Amino acid sequence: MDRKIGKINRNLVIGWSIIVVILVVAYFIEYLKGDRTLGYILVFFAVTIIPAVGCVIGYARNRESVKLRYYAIGGYTIMYLFALMTSTTVMVYAYIIPMLSLIVLYHSPKLVMVMGSISIVANVIAAIRFLVDGIVEKHDIRTIEIQFAIIIVSFVFAFLSSMIYDEIVKENEKYLSGINEKQKQLERVTLQTITTIANIIDAKDEYTKGHSYRVAEYSSMLARELGYSEERIEDIKFIGLLHDIGKIGIPDSILNKPGRLTENEFAMMRKHAEIGGNILEGNNMIAGLDEGAKFHHERYDGSGYPQGLKGEEIPEIARIIGIADAYDAMTSNRVYRKRLTDETVMSEIKRSSGTQFDPGFTAVFIKMIEEGRLERLVPDEINDEREKSRAEQSAELLQNIIDFRGDEYDSDHDYLTGAYSRTVGEKKISEILENADGGLFIADLTNLQGINARHGIVAGDRVIRAVFDALSETEGLVVVRYDGSGFLCFMPGITEREEFDKKMGDICSGVGGILENMTECENNYLCIGGALSSEVGRDFHMLLIAADKALFHTKQLKGNASYLFDHLEKMPNQGLYGIDLGQLISMIRSDSDEAKGLLEEDSAEFSRVYDLVKGIYEDNSGDVRLLLLTVMPAVGRSSTVADRDEAMSYLETVINSTPEISCVTFRFTSVQFLMILTDIGEAGAEAIRERIFNGFYKTYTKNNMALSSEIAYLPPSRRK
């Protein structure tokens, strides 16, 4: 609104100045022609120019002054009355036209009435003077009557126009006020959302609670001191809140590591700047939103990251946030140290001026510290009640989003079959095993890819649904969609081999009959591998590994069949999801038709491993070694899905921090990593295994999960 008033005042001053210039020129010409005396001209200039100059000065001092319009009208009225009283012509009513234009623009009916009354009274006095002085003869009184009629009609219409205009303006102001309120509500929601995101980021690292908030506050305070507009300062505050959003992509084990980071861990931590920039890039909500996240770790001397920008190449917002971020880090407690003293902080900031920080910005920031203007933000604590309220509202908003579930979507179940999803199903089975025994088995449909290739994906889905429907007919069976072609099933209360073996046989026979009657199925079988908790133990992961091994044995029978794991029998050494690494290597080296046939019959997972290992083997002239790492429950200890996931997270961090070697690493199952090592030799592979084991047990201090490994060897490819 202030800007709008300023624009009106500017146009008013310009318009009035033009009128004054025109009148001054016109009267000066009359003076040269001898129609006006010098004294008259000087008085006219005084009553005309002085009010105009005063109005210009007032505009220069306060462009948004509401009173300026009334000063302008007052000055113009003085000029009009002077011309009316000293004129020798009855045509001075022409002065009324600009006045009417001015007062109508102010949409004030009362102002029109006052100005109209003054004008009529002044014209009555002038008319009497004209008659008395003989300027107007009695037979010319008609001219005066016309002048009065014009003045009265002009002011009446000005009054009516002003009333209509005033109503329109008020309606517009009411409408704009509603829009402004909606805008403020949107800004509040935006702030809550951004604050929520900042809270999520800080929540990942228990030692940086409130960090994003404080950096945002310090940044906005520095921006204000540097002369930024209030609108841009608010933008900078939002950008500061999101400067660490990239930490969403950093493992918690690194963010919360109790100690200094290793070189490799620090390299991973540095990625948060680029991750944050990529997340925010292209978002036009706030100008430069991604710059704070991406470049706040750049250094003025060019030694920062991620791009090594130098000096003015670093965006201003990133240079501001960089100082605020470093200041909060030094004045906050960390897991590996207490907050630094005020003297140390000041010394470090001064020392880093021109190397890490912009020297100009640093000087201003140091001045703010010396004047005590940053002390209101107590480190490690948000003590602004208004911001606390916003944080609480943001947390509530986030919880509402988390709790919301659409009517047509259920994340607990597989959308195609209705079976439990893998995560939910594993958890449910683990909970049952805590209190009771049972039988676990994997039911896998072989060569589903062939059905999809011959008849289409829709046909493949129809077959999978038929298998699930058949499994669901078994009373009390917990059915989980385990992968694309398989189901994980659990029968509570089963402890005897004969009973479990019979139920598996019945299921296998029943589903086999259904498959035989489906035209889509050609040489497709249901293979079942199971294990009893009464024999293997009531640990979910141990049962799963046993069932995997049994399933592998069943698949070699090539038909609808089931097999129950017997830990007393000599089973193949299958570590990789039921696949014997020795047999895998033999198949890759032989490349025989028998190997290809088994590959076609086996699961998609085996095909993926086979293709990947075989490709690396054939492209490498040296030796290839496979290092399989498996997380499993420790002997005599029980574990949950959460324990497994936590241990796998620690193992992943250790693998990623292992010094760079020539290898390909990927997570194959929920409990296994496979490392494909090339040209490293037996000693090198053993050294890598030992380093990983040491790192895992050093960081994962719980005793409920253990790490096992297996190394297989592929000699140099004969294809080279």
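Could you go through segment 475-493 and let me know if any residue there is part of a loop (DSSP other than H, G, I, E, B), modelled with pLDDT under 90, over 46 Å from the mean Cα position of the chain (by Cα) and surrounded by fewer than 22 Cβ atoms within 10 Å (Cβ to Cβ). Checked segment 475-493: at least one residue is part of a loop (DSSP other than H, G, I, E, B), modelled with pLDDT under 90, over 46 Å from the mean Cα position of the chain (by Cα) and surrounded by fewer than 22 Cβ atoms within 10 Å (Cβ to Cβ). For segment 538-561, what are the residues that are in a helix (DSSP H, G or I) and either among the aromatic types (Phe, Trp, Tyr) or out of contact with any helix residue (DSSP H, G or I) (no Cβ under 7 Å at 6 or more places or on another chain) (or both)? Those that are in a helix (DSSP H, G or I) and either among the aromatic types (Phe, Trp, Tyr) or out of contact with any helix residue (DSSP H, G or I) (no Cβ under 7 Å at 6 or more places or on another chain) (or both): PHE540, LEU544, ILE545, ALA547, ASP548, LYS549, ALA550, LEU551, PHE552, HIS553, THR554.
Return yes or no: is THR640 modelled with pLDDT under 70, within 40 Å of the chain's Cα centre (by Cα) and under 24 Å from PRO251 (Cβ atoms)? Taking the combined requirement at face value, the residue satisfies it. So, restricting to helices (runs of 4 or more DSSP H) that lie completely within segment 57-147, which ones have at least 3 residues that are modelled with pLDDT of 70 or more? In segment 57-147, 68-86, 109-132 are the helices (runs of 4 or more DSSP H) which contain 3 or more residues that are modelled with pLDDT of 70 or more.
On inspection, GLY512 qualifies as farther than 30 Å from GLU434 by Cα, in contact (Cβ under 8 Å) with a residue 40 or more places away in the chain and touching a Phe, Trp or Tyr at 6+ places or on another chain (Cβ under 8 Å).
Of all the listed residues (VAL671, VAL609), the sole one being modelled with pLDDT under 75, of a type in the set (A, V, I, L, M) and open to solvent by less than 50 Å² (accessible area, probe 1.4 Å) is VAL609. Of the residues screened, GLY512 is not one that is open to solvent by 30 Å² or more (accessible area, probe 1.4 Å), more than 16 Å from LEU544 (Cα to Cα) and not hydrophobic (A, V, I, L, M, F, W, C).
Against the list (1) farther than 21 Å from SER352 by Cα; (2) open to solvent by 30 Å² or more (accessible area, probe 1.4 Å); (3) modelled with pLDDT of 85 or more, the condition ILE239 fails is (2). Considering every residue within segment 278-291, establish whether at least one is open to solvent by less than 70 Å² (accessible area, probe 1.4 Å), at pLDDT 85 or above, in contact with a Pro (Cβ under 7 Å, 6 or more places away or on another chain) and not hydrophobic (A, V, I, L, M, F, W, C). Yes, segment 278-291 contains at least one residue that is open to solvent by less than 70 Å² (accessible area, probe 1.4 Å), at pLDDT 85 or above, in contact with a Pro (Cβ under 7 Å, 6 or more places away or on another chain) and not hydrophobic (A, V, I, L, M, F, W, C). Summed over segment 417-439, residues that are among the polar types (S, T, N, Q) and in contact with a strand residue (DSSP E or B) (Cβ under 8 Å, 6 or more places away or on another chain) total 2.
Scan segment 515-541 for residues that are open to solvent by 30 Å² or more (accessible area, probe 1.4 Å), of a type in the set (Asp, Glu) and within 30 Å of ALA634 (Cα to Cα) and the total you get is 1. Of everything in segment 465-483 that is touching a residue at least 60 places away in the same chain (Cβ under 8 Å) and touching a Phe, Trp or Tyr at 6+ places or on another chain (Cβ under 8 Å), the residue that is nearest to VAL511 (Cα to Cα) is VAL479.
Taken as a whole, segment 334-355 holds no residue that is among the basic types (Lys, Arg), modelled with pLDDT of 90 or more and under 15 Å from TYR218 (Cβ atoms).
Starting from segment 435-460, take each residue that is more than 15 Å from GLY529 (Cβ to Cβ) and modelled with pLDDT of 85 or more and list its partners that are of a type in the set (A, V, I, L, M) and open to solvent by 30 Å² or more (accessible area, probe 1.4 Å), counting only C-beta distances under 7 angstrom and pairs at least six apart or across chains. Matching pairs, first to second residue: GLY438/ILE432. Each residue in segment 160-199 was checked for being modelled with pLDDT of 70 or more and open to solvent by less than 60 Å² (accessible area, probe 1.4 Å), and 5 pass. When segment 699-720 is filtered for residues that are farther than 15 Å from SER649 by Cβ and open to solvent by 50 Å² or more (accessible area, probe 1.4 Å), the ones remaining, listed by number, are ASN703, ILE711, TYR713, PRO716, ARG718, ARG719, LYS720. Could you tell me which residue of segment 415-447 is nearest to LYS558 (Cα to Cα), considering only residues that are assigned to a loop (DSSP other than H, G, I, E, B) and under 29 Å from the mean Cα position of the chain (by Cα)? That would be SER421. Restricting ASP414, ASP328, ASP410, ASP380 to those that are among the charged types (D, E, K, R), modelled with pLDDT under 60 and surrounded by 15 or more Cβ atoms within 10 Å (Cβ to Cβ) reduces the list to ASP380.
Summed over segment 687-716, the residues that are small (Gly, Ala, Ser) and either free of Cβ contacts under 8 Å to residues at least 40 places away in the same chain or more than 12 Å from VAL631 (Cβ to Cβ) (or both) give a count of 3.
ARG36 meets each of the listed conditions (1) in a helix (DSSP H, G or I); (2) over 30 Å from ASN180 (Cα atoms) apart from (1). Quick check on segment 563-580. Is at least one of its residues modelled with pLDDT of 60 or more and either within 17 Å of VAL664 (Cβ to Cβ) or open to solvent by 50 Å² or more (accessible area, probe 1.4 Å) (or both)? No, segment 563-580 contains no residue that is modelled with pLDDT of 60 or more and either within 17 Å of VAL664 (Cβ to Cβ) or open to solvent by 50 Å² or more (accessible area, probe 1.4 Å) (or both).
The values are calculated or read from the model by the stated rules, or taken from the named source; none is laboratory data. Please read these numbers as outputs of a predicted model, since none were measured by experiment. Cβ sites come from the backbone with ideal geometry, for glycine too, and all protein chains shown count toward neighbours. These area figures cover heavy atoms from the full protein model, side chains too; ligands, DNA and RNA do not enter into them. Shrake-Rupley method; radii C 1.70, N 1.55, O 1.52, S 1.80 Å.
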